[in-house]
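Down below is the structure, laid out as C-alpha coordinates.
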Amino acid sequence: MDIRSQLATAGLTDSEIDIYLYLLQNGQSTPPQIAQGTGIARTNTYNVLRALKDHGLIKQELHRKRKAYLAADPQALILNWEKQKIDLEKMIPDLRALYTTNKNKPRILFFDGFEQVKEIYLSSLATNDKKIFAFGSTNLLSNLERNFFIHFEQKIRDNGIALVDILTSASKERALTETKKIIGGMYDFKLLPEKYRDQPTDILIWDDNIALVTLEVPVFGTIITSPLLADTFKMIFELIWEKF
(Lines give C-alpha, C1' and ligand atoms only; values in the text may rest on other atoms or scores of the structure.)
Protein backbone atom coordinates (compact mmCIF):
# COMPACT_ATOMS: atom_id res chain seq x y z
CA MET A 1 0.00 0.00 0.00
CA ASP A 2 1.48 3.38 -1.02
CA ILE A 3 1.60 6.49 1.17
CA ARG A 4 -1.51 8.07 -0.35
CA SER A 5 -3.54 4.91 0.25
CA GLN A 6 -2.30 4.70 3.84
CA LEU A 7 -3.22 8.33 4.50
CA ALA A 8 -6.66 7.72 2.99
CA THR A 9 -7.06 4.74 5.33
CA ALA A 10 -6.20 7.10 8.20
CA GLY A 11 -9.23 9.19 7.22
CA LEU A 12 -7.73 11.99 5.11
CA THR A 13 -9.50 13.20 1.96
CA ASP A 14 -7.70 13.49 -1.39
CA SER A 15 -7.30 17.27 -0.99
CA GLU A 16 -6.01 16.88 2.58
CA ILE A 17 -3.48 14.30 1.37
CA ASP A 18 -2.32 16.59 -1.47
CA ILE A 19 -1.71 19.55 0.85
CA TYR A 20 -0.25 17.49 3.69
CA LEU A 21 2.29 15.82 1.38
CA TYR A 22 3.09 19.17 -0.25
CA LEU A 23 3.90 20.71 3.14
CA LEU A 24 5.97 17.70 4.18
CA GLN A 25 8.06 18.06 1.03
CA ASN A 26 8.23 21.86 0.73
CA GLY A 27 8.15 23.11 4.30
CA GLN A 28 6.67 26.47 5.30
CA SER A 29 4.33 27.75 2.58
CA THR A 30 1.64 30.37 2.17
CA PRO A 31 -1.87 29.50 0.96
CA PRO A 32 -1.24 30.92 -2.55
CA GLN A 33 1.93 28.82 -2.82
CA ILE A 34 0.06 25.73 -1.62
CA ALA A 35 -2.80 26.32 -4.05
CA GLN A 36 -0.39 26.74 -6.95
CA GLY A 37 1.74 23.76 -5.94
CA THR A 38 -1.18 21.35 -5.50
CA GLY A 39 -3.55 22.64 -8.16
CA ILE A 40 -6.32 23.04 -5.58
CA ALA A 41 -8.50 26.15 -5.86
CA ARG A 42 -7.41 28.83 -3.40
CA THR A 43 -10.83 29.07 -1.71
CA ASN A 44 -10.85 25.31 -1.13
CA THR A 45 -7.23 25.42 0.01
CA TYR A 46 -8.19 27.52 3.05
CA ASN A 47 -10.91 25.02 4.02
CA VAL A 48 -8.51 22.09 3.74
CA LEU A 49 -5.82 23.91 5.72
CA ARG A 50 -8.35 24.58 8.47
CA ALA A 51 -9.30 20.89 8.59
CA LEU A 52 -5.66 19.74 8.71
CA LYS A 53 -4.95 22.26 11.46
CA ASP A 54 -7.94 20.96 13.46
CA HIS A 55 -6.53 17.44 13.06
CA GLY A 56 -3.21 18.68 14.47
CA LEU A 57 -1.36 17.65 11.29
CA ILE A 58 -0.13 21.13 10.32
CA LYS A 59 0.85 24.30 12.14
CA GLN A 60 0.09 27.92 11.33
CA GLU A 61 2.77 30.60 11.59
CA LEU A 62 3.29 34.20 10.52
CA HIS A 63 5.79 34.78 7.72
CA ARG A 64 6.38 38.44 6.88
CA LYS A 65 3.01 39.28 8.46
CA ARG A 66 1.27 36.69 6.30
CA LYS A 67 -0.16 33.35 7.34
CA ALA A 68 2.03 30.42 6.46
CA TYR A 69 1.72 26.72 7.17
CA LEU A 70 4.07 23.82 7.74
CA ALA A 71 3.54 20.15 8.45
CA ALA A 72 3.68 18.93 12.04
CA ASP A 73 5.81 15.95 12.97
CA PRO A 74 4.28 12.87 11.25
CA GLN A 75 3.82 11.40 14.75
CA ALA A 76 0.76 13.68 14.84
CA LEU A 77 -0.96 11.20 12.51
CA ILE A 78 -0.96 8.64 15.31
CA LEU A 79 -2.23 11.19 17.83
CA ASN A 80 -5.00 12.19 15.42
CA TRP A 81 -5.98 8.55 14.88
CA GLU A 82 -6.02 7.92 18.64
CA LYS A 83 -8.28 10.96 19.15
CA GLN A 84 -10.65 9.67 16.46
CA LYS A 85 -10.62 6.26 18.16
CA ILE A 86 -11.57 7.84 21.51
CA ASP A 87 -14.36 9.85 19.86
CA LEU A 88 -15.68 6.71 18.17
CA GLU A 89 -15.61 4.76 21.43
CA LYS A 90 -17.74 7.48 23.04
CA MET A 91 -20.28 7.07 20.23
CA ILE A 92 -20.56 3.28 20.55
CA PRO A 93 -23.35 3.22 23.22
CA ASP A 94 -25.57 5.51 21.12
CA LEU A 95 -24.77 3.61 17.93
CA ARG A 96 -25.59 0.33 19.64
CA ALA A 97 -28.92 1.80 20.70
CA LEU A 98 -29.72 2.29 17.01
CA TYR A 99 -28.59 -1.22 16.09
CA THR A 100 -31.88 -3.05 15.70
CA THR A 101 -31.29 -5.85 13.21
CA ASN A 102 -32.94 -8.26 15.64
CA LYS A 103 -36.62 -7.46 16.22
CA ASN A 104 -36.27 -8.49 19.88
CA LYS A 105 -33.08 -6.52 20.40
CA PRO A 106 -33.71 -3.81 23.03
CA ARG A 107 -33.04 -0.14 22.40
CA ILE A 108 -31.25 1.52 25.30
CA LEU A 109 -30.95 5.25 25.94
CA PHE A 110 -28.93 6.85 28.74
CA PHE A 111 -29.70 10.10 30.58
CA ASP A 112 -27.09 11.84 32.73
CA GLY A 113 -28.07 14.43 35.33
CA PHE A 114 -31.50 15.52 36.51
CA GLU A 115 -32.17 17.84 33.57
CA GLN A 116 -31.83 14.88 31.19
CA VAL A 117 -33.71 12.54 33.54
CA LYS A 118 -36.70 14.88 33.32
CA GLU A 119 -36.91 13.83 29.66
CA ILE A 120 -37.61 10.26 30.80
CA TYR A 121 -40.72 11.32 32.70
CA LEU A 122 -41.92 13.63 29.93
CA SER A 123 -41.42 10.94 27.27
CA SER A 124 -43.71 8.57 29.20
CA LEU A 125 -46.55 11.03 28.55
CA ALA A 126 -46.54 9.87 24.92
CA THR A 127 -47.82 6.43 25.98
CA ASN A 128 -50.09 4.79 23.42
CA ASP A 129 -51.70 2.56 26.05
CA LYS A 130 -52.59 5.59 28.19
CA LYS A 131 -51.21 3.82 31.24
CA ILE A 132 -48.03 4.21 33.29
CA PHE A 133 -46.90 1.78 35.97
CA ALA A 134 -44.59 3.26 38.62
CA PHE A 135 -42.62 1.71 41.44
CA GLY A 136 -40.77 3.87 43.94
CA SER A 137 -41.21 6.83 46.24
CA THR A 138 -43.24 9.91 45.27
CA ASN A 139 -41.92 11.39 48.51
CA LEU A 140 -38.32 11.28 47.25
CA LEU A 141 -39.39 12.44 43.79
CA SER A 142 -41.10 15.47 45.28
CA ASN A 143 -38.04 16.29 47.38
CA LEU A 144 -35.88 16.21 44.25
CA GLU A 145 -37.85 18.95 42.47
CA ARG A 146 -41.42 19.35 43.66
CA ASN A 147 -42.62 21.80 40.99
CA PHE A 148 -41.50 19.57 38.14
CA PHE A 149 -43.33 16.51 39.46
CA ILE A 150 -46.49 18.51 40.13
CA HIS A 151 -46.27 19.63 36.48
CA PHE A 152 -45.70 16.00 35.42
CA GLU A 153 -48.78 14.82 37.34
CA GLN A 154 -50.87 17.61 35.84
CA LYS A 155 -49.79 16.49 32.36
CA ILE A 156 -50.78 12.91 33.22
CA ARG A 157 -54.24 14.19 34.15
CA ASP A 158 -54.56 16.44 31.10
CA ASN A 159 -53.56 13.60 28.74
CA GLY A 160 -56.07 11.19 30.27
CA ILE A 161 -53.37 8.75 31.38
CA ALA A 162 -53.90 6.24 34.17
CA LEU A 163 -51.05 6.18 36.70
CA VAL A 164 -50.71 3.07 38.86
CA ASP A 165 -48.22 3.37 41.72
CA ILE A 166 -46.61 0.91 44.11
CA LEU A 167 -45.12 3.08 46.84
CA THR A 168 -43.20 2.87 50.06
CA SER A 169 -45.26 3.74 53.14
CA ALA A 170 -43.37 7.03 53.52
CA SER A 171 -45.12 8.26 50.35
CA LYS A 172 -48.66 7.70 51.67
CA GLU A 173 -49.31 11.29 52.75
CA ARG A 174 -48.13 12.84 49.50
CA ALA A 175 -50.02 10.26 47.43
CA LEU A 176 -53.26 11.18 49.21
CA THR A 177 -52.83 14.93 49.64
CA GLU A 178 -51.20 15.83 46.32
CA THR A 179 -51.02 13.15 43.63
CA LYS A 180 -54.58 11.85 44.16
CA LYS A 181 -55.97 15.38 44.19
CA ILE A 182 -54.13 16.33 41.00
CA ILE A 183 -54.80 13.21 38.90
CA GLY A 184 -58.10 12.19 40.48
CA GLY A 185 -59.80 8.95 39.49
CA MET A 186 -57.08 8.07 36.98
CA TYR A 187 -54.66 7.51 39.88
CA ASP A 188 -54.43 4.40 42.02
CA PHE A 189 -51.74 3.27 44.41
CA LYS A 190 -50.82 0.59 46.90
CA LEU A 191 -48.32 0.78 49.72
CA LEU A 192 -45.55 -1.64 50.55
CA PRO A 193 -45.27 -2.79 54.19
CA GLU A 194 -43.41 -0.36 56.46
CA LYS A 195 -40.40 -2.66 56.67
CA TYR A 196 -39.58 -1.68 53.07
CA ARG A 197 -37.93 1.70 53.43
CA ASP A 198 -37.57 4.38 50.77
CA GLN A 199 -35.06 3.59 48.06
CA PRO A 200 -33.51 6.44 46.04
CA THR A 201 -34.68 4.87 42.79
CA ASP A 202 -37.72 4.99 40.55
CA ILE A 203 -39.09 2.59 37.93
CA LEU A 204 -41.55 3.55 35.21
CA ILE A 205 -43.16 1.12 32.76
CA TRP A 206 -45.23 2.19 29.76
CA ASP A 207 -45.93 0.62 26.38
CA ASP A 208 -42.72 -1.29 25.47
CA ASN A 209 -40.49 0.82 27.74
CA ILE A 210 -38.88 0.38 31.14
CA ALA A 211 -37.21 3.39 32.74
CA LEU A 212 -34.77 2.98 35.63
CA VAL A 213 -33.82 6.13 37.53
CA THR A 214 -31.57 6.90 40.49
CA LEU A 215 -32.69 9.83 42.63
CA GLU A 216 -29.45 10.51 44.49
CA VAL A 217 -26.38 12.30 43.16
CA PRO A 218 -25.21 11.44 40.60
CA VAL A 219 -28.76 11.36 39.22
CA PHE A 220 -29.01 9.30 36.05
CA GLY A 221 -31.44 7.06 34.23
CA THR A 222 -31.98 4.75 31.31
CA ILE A 223 -34.89 3.77 29.07
CA ILE A 224 -34.92 0.21 27.76
CA THR A 225 -37.32 -0.35 24.89
CA SER A 226 -38.13 -4.04 24.60
CA PRO A 227 -41.59 -5.63 24.33
CA LEU A 228 -40.34 -8.81 26.02
CA LEU A 229 -38.77 -7.01 28.98
CA ALA A 230 -41.69 -4.58 29.32
CA ASP A 231 -44.18 -7.46 29.47
CA THR A 232 -42.05 -9.18 32.10
CA PHE A 233 -41.83 -6.04 34.25
CA LYS A 234 -45.60 -5.51 33.95
CA MET A 235 -46.18 -9.10 35.08
CA ILE A 236 -43.90 -8.60 38.10
CA PHE A 237 -45.69 -5.33 38.88
CA GLU A 238 -49.09 -7.04 38.76
CA LEU A 239 -47.88 -9.86 41.03
CA ILE A 240 -46.71 -7.33 43.64
CA TRP A 241 -49.92 -5.32 43.21
CA GLU A 242 -52.09 -8.38 43.88
CA LYS A 243 -50.01 -9.37 46.91
CA PHE A 244 -50.46 -6.03 48.66
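The values are calculated or read from the model by the stated rules, or taken from the named source; none is laboratory data. Keep in mind that what you see is a predicted model, and the values were worked out from it rather than measured. Using ideal geometry, Cβ is built from the backbone for each residue, glycine included, and neighbour counts are taken over all protein chains shown.
Values for this structure:
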item	result
Filter result for the condition that a residue is among the hydrophobic types (A, V, I, L, M, F, W, C) and free of Cβ contacts under 8 Å to residues at least 12 places away in the same chain, over Ala162, Ala126	Ala126
Condition met for Asp198 (under 29 Å from Ile108 (Cβ atoms) and acidic (Asp, Glu))	yes
Matching residues, the range 209-229, being more than 16 Å from the chain's Cα centre (by Cα) and crowded, with 18+ Cβ neighbours inside 10 Å	Asn209, Ile210, Leu215
Number of positions in the range 50-66 that are touching a helix residue (DSSP H, G or I) at 6+ places or on another chain (Cβ under 7 Å) and in contact (Cβ under 8 Å) with a residue 12 or more places away in the chain	6
Considering residues of the range 172-208 that are under 20 Å from Lys130 (Cβ atoms) and free of Cβ contacts under 8 Å to residues at least 12 places away in the same chain only, the residue surrounded by the most Cβ atoms within 10 Å (Cβ to Cβ)	Lys180
Qualifying residue in the range 110-119 (condition: assigned by TED's automatic domain parsing to the domain that holds Ile210, touching an Asp or Glu at 6+ places or on another chain (Cβ under 8 Å), touching a residue at least 60 places away in the same chain (Cβ under 8 Å) and surrounded by 14 or more Cβ atoms within 10 Å (Cβ to Cβ))	yes
Any hit, the range 206-214, residues being assigned by TED's automatic domain parsing to the domain that holds Pro106, modelled with pLDDT under 90 and either part of a loop (DSSP other than H, G, I, E, B) or touching a strand residue (DSSP E or B) at 6+ places or on another chain (Cβ under 7 Å) (or both)	no
Members of the range 1-38 that are surrounded by fewer than 16 Cβ atoms within 10 Å (Cβ to Cβ), acidic (Asp, Glu) and in contact with a helix residue (DSSP H, G or I) (Cβ under 9 Å, 6 or more places away or on another chain)	Asp14
Search result, residues across the range 60-76 that are modelled with pLDDT under 80 and either over 13 Å from Gln28 (Cα atoms) or assigned to a loop (DSSP other than H, G, I, E, B) (or both)	Arg64, Lys65
Failed criterion for Thr45 (all others in (1) farther than 21 Å from Ile78 by Cβ; (2) in contact with a Lys or Arg (Cβ under 9 Å, 6 or more places away or on another chain) hold)	(2)
All helices (runs of 4 or more DSSP H) inside the range 1-59 with 1 or more residues being within 21 Å of Lys83 (Cα to Cα)	3-9, 14-26, 42-54
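For every residue, the table says whether it meets (1) touching a helix residue (DSSP H, G or I) at 6+ places or on another chain (Cβ under 8 Å); (2) assigned by TED's automatic domain parsing to the domain that holds Gly113; (3) within 30 Å of Pro93 (Cβ to Cβ).
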{"position": "Lys130", "(1), (2), (3)": "no, yes, no"}
{"position": "Ala175", "(1), (2), (3)": "yes, yes, no"}
{"position": "Leu192", "(1), (2), (3)": "yes, yes, no"}
{"position": "Arg197", "(1), (2), (3)": "yes, yes, no"}
{"position": "Pro218", "(1), (2), (3)": "no, yes, yes"}
